[in-house]
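Student: Mind looking over this structure? Questions follow.
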Amino acid sequence: MQPQRVLITAAASGIGLQTALDFVQSGARVFICDADAWALEQTLEAHPKLLGMLCDVSDEAQVGALFEQGLLALGGLDVLVNCAGIAGPTANVAEMDFAAWRQCLAVNLDGTFLCCRAAARVMGAQGSGAIVNLSSTAGLYGFPRRAPYASAKWAIRGLTKTLAQELGPSGVRVNCVCPGSVEGERMDRVIAAEAAKTGRTEQQVREMFTQTASLRTFVSAQDISNTILFLASPKGARISGQEIVVDGNTETL
């Protein structure tokens, strides 16, 4: 069986990196990108089996170059994982800066669209492939003071459903994963911003997040990677257009 050819965005750290390493462990060939030049350099140096390049996925030209170089390096494309995203501003809508709103949507939503469009052209023509997008529980329930992030993640669900319908007749599967609160540096920054905005301590905010999950815990990058690899594998061959929530069961109280 030919090794899977996998392209993963924002994979110099966090969920993207864990997913890339797990794909490599499974025998796949993996090409990654990231907008952080230093982090990308360190990751590629530490993990020589990974290939990659610098890319801001909100830039159409850069995404074009990413797929040109990625497909050349991999010899084709079987799996796209859209991990790129930013937390965006922490503010009520009434106080929201429009430029900050647009930047958050550009990276989270436009970046996912641009990469999906490029992959759709390749996978649709070859009649096979799997796309996994990253949404969020914020895209299921909303997220006070994080309107652009939640809006982008809701939209990614709609993009996923639509693309699954468009590409299904060609044998291409499209799903999205909705993580809950994922332990790590990015979540630490979200907690710090929420604490600063609301006047609570960071520990109080952290406890608030964990208390909204039935399992009373954060999830890990490994939890998300496990789900992505399943969806991209033959075991997920009949799963498409779905939203897989990995969050310990968020409770809407």
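The values are calculated or read from the model by the stated rules, or taken from the named source; none is laboratory data. Because the structure is predicted, anything quoted here is derived from the model rather than measured. In this analysis, Cβ positions are derived from the backbone assuming ideal geometry, glycine residues included, and neighbour counts consider all displayed protein chains.
Student: Which of the residues belonging to the range 89-139 are among the charged types (D, E, K, R) and assigned to a helix (DSSP H, G or I)?
Tutor: Start the filter on the range 89-139 by keeping residues that are among the charged types (D, E, K, R), which leaves 95, 97, 102, 110, 117, 121.
Residues satisfying the conditions are E95, R102, D110, R117, R121.
Student: Hey, another quick one. Would you mind finding the one in R186, R216 that is exposed (fewer than 14 other Cβ atoms within 10 Å of the Cβ) and among the basic types (K, R)?
Tutor: Details: R186 fails: exposed (fewer than 14 other Cβ atoms within 10 Å of the Cβ).
Checking each option against the conditions leaves just R216.
Student: For A118, are the conditions met, namely being at pLDDT 95 or above, surrounded by fewer than 24 Cβ atoms within 10 Å (Cβ to Cβ) and not assigned by TED's automatic domain parsing to the domain that holds E194?
Tutor: Values: at pLDDT 95 or above: yes; surrounded by fewer than 24 Cβ atoms within 10 Å (Cβ to Cβ): yes; not assigned by TED's automatic domain parsing to the domain that holds E194: yes.
Taking the combined requirement at face value, the residue satisfies it.
Student: Can you tell me which of (1) under 16 Å from N108 (Cα atoms); (2) surrounded by fewer than 18 Cβ atoms within 10 Å (Cβ to Cβ); (3) touching a helix residue (DSSP H, G or I) at 6+ places or on another chain (Cβ under 7 Å) is the one G158 doesn't meet?
Tutor: Evaluating G158 over (1) under 16 Å from N108 (Cα atoms); (2) surrounded by fewer than 18 Cβ atoms within 10 Å (Cβ to Cβ); (3) touching a helix residue (DSSP H, G or I) at 6+ places or on another chain (Cβ under 7 Å) leaves (3) as the failure.
Student: Of everything in the range 1-33, what is part of a loop (DSSP other than H, G, I, E, B), in contact with a Ser or Thr (Cβ under 8 Å, 6 or more places away or on another chain) and more than 14 Å from D78 (Cβ to Cβ)? Give them in sequence order.
Tutor: Within the range 1-33, A11, A12, S13 meet the criteria.
Student: When you scan the range 34-67, how many residues do you find that are closer than 14 Å to C116 by Cα, of a type in the set (D, E) and not in a loop (DSSP other than H, G, I, E, B)?
Tutor: The total comes to 1.
Student: Here's another thing I want to ask about it. Here are some residues: L105, L7, L54. Which one is in contact (Cβ under 8 Å) with a residue 12 or more places away in the chain and crowded, with 20+ Cβ neighbours inside 10 Å?
Tutor: Numbers: L105 fails: crowded, with 20+ Cβ neighbours inside 10 Å; L54 fails: crowded, with 20+ Cβ neighbours inside 10 Å.
Step by step, each of L105, L7, L54 is checked, and only L7 is in contact (Cβ under 8 Å) with a residue 12 or more places away in the chain and crowded, with 20+ Cβ neighbours inside 10 Å.
Student: Is it true that T43 is polar (S, T, N, Q) and within 23 Å of G142 (Cβ to Cβ)?
Tutor: On the way: polar (S, T, N, Q): yes; within 23 Å of G142 (Cβ to Cβ): no.
Taking the combined requirement at face value, the residue does not satisfy it.
Student: Return the only residue of S220, S214 being modelled with pLDDT under 90 and under 16 Å from C178 (Cβ atoms).
Tutor: Values: S220 fails: modelled with pLDDT under 90.
None of the other options fit; the residue is S214.
Student: Now a separate question. Which of the following residues is closer than 25 Å to L231 by Cβ and either surrounded by 23 or more Cβ atoms within 10 Å (Cβ to Cβ) or among the basic types (K, R) (or both): V24, V79?
Tutor: Details: V24 fails: either surrounded by 23 or more Cβ atoms within 10 Å (Cβ to Cβ) or among the basic types (K, R) (or both).
Sole residue among the options that is closer than 25 Å to L231 by Cβ and either surrounded by 23 or more Cβ atoms within 10 Å (Cβ to Cβ) or among the basic types (K, R) (or both): V79.
Student: For the range 137-154, what are the residues that are surrounded by 20 or more Cβ atoms within 10 Å (Cβ to Cβ), at pLDDT below 95 and among the small types (G, A, S)?
Tutor: A138, G139 - these are the residues of the range 137-154 that are surrounded by 20 or more Cβ atoms within 10 Å (Cβ to Cβ), at pLDDT below 95 and among the small types (G, A, S).
Student: Another question, then. For the range 198-235, how many residues meet the condition of being in a helix (DSSP H, G or I) and out of contact with any strand residue (DSSP E or B) (no Cβ under 7 Å at 6 or more places or on another chain)?
Tutor: Our first condition is that a residue be in a helix (DSSP H, G or I); within the range 198-235, this holds for 198, 202-211, 221-232, 234-235.
Filter again for out of contact with any strand residue (DSSP E or B) (no Cβ under 7 Å at 6 or more places or on another chain), leaving 198, 202-211, 222, 225-226, 229-230, 234-235.
So the count comes out to 18.
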